[in-house]
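Worksheet for the structure shown next.
All of the numbers you see were taken from the coordinates with simple rules; none came from a lab. Treat the numbers as computed from the prediction; the structure is a model and nothing was measured. Backbone-built Cβ (ideal geometry, glycine too); neighbour counts: all protein chains shown.
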Amino acid sequence: QTAKTPLFFSFLSSLVVVIVRVIIIIIMASLLHGDRGKMMMKIYHGSSFALAGLVPAAMVIRDGNLPVDLALGVALPVHSHIGLNFVISDYVPKSMRLPARASVLGVTMASLYGMFQLNMYGEGVSKTAKRLWRN
């Protein structure tokens, strides 16, 4: 049985890797086509309402607020990602949509990372915006 056990675990680990890869492909495909599906529309509308409250709150709070900044750091890139995918669907020729969507996804991921870095290790989104407007 000891010879069969490693073979079984090898098969099981290979199966898990394949399942994880399929899940990642499905998630990336849904992110790549950010303007498709009911869930993306709910996220888009939810981010609209969130931004309608978060942006004024961030401007009113004097020294910034980490929960507000973190929420802005997610809501802004996600809302922009889905909105830009609508623009791609409406105005980009079909042959160029996939590269355009991939570019938007790359910019979205970079924006999410940058916002996280700014909020966790910098002065935060709201304080940065206020400083830029003052100067």
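Tabulated results
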read-out: 3J(HN,Hα) from dihedral phi, segment 46-60, Karplus parametrisation 6.51/-1.76/1.60, rounded to Hz, x for glycine, proline; value: x, 5, 4, 5, 4, 5, 4, x, 6, 5, x, 4, 5, 7, 7
read-out: ³J(HN,Hα), Karplus 6.51/-1.76/1.60, whole Hz, each residue of segment 94-105, x for Gly, Pro; value: 4, 5, 10, 5, 4, x, 5, 5, 5, 5, 4, 4
read-out: Two-site label geometry, Ser103 and Lys42: point separation in nm, points 7 Å out along Cα→Cβ; value: 3.2 nm
read-out: Extension reserve of the Ile61-Ala110 stretch, reckoned as 0.36 nm per residue once the Cα distance is removed; value: 15.0 nm
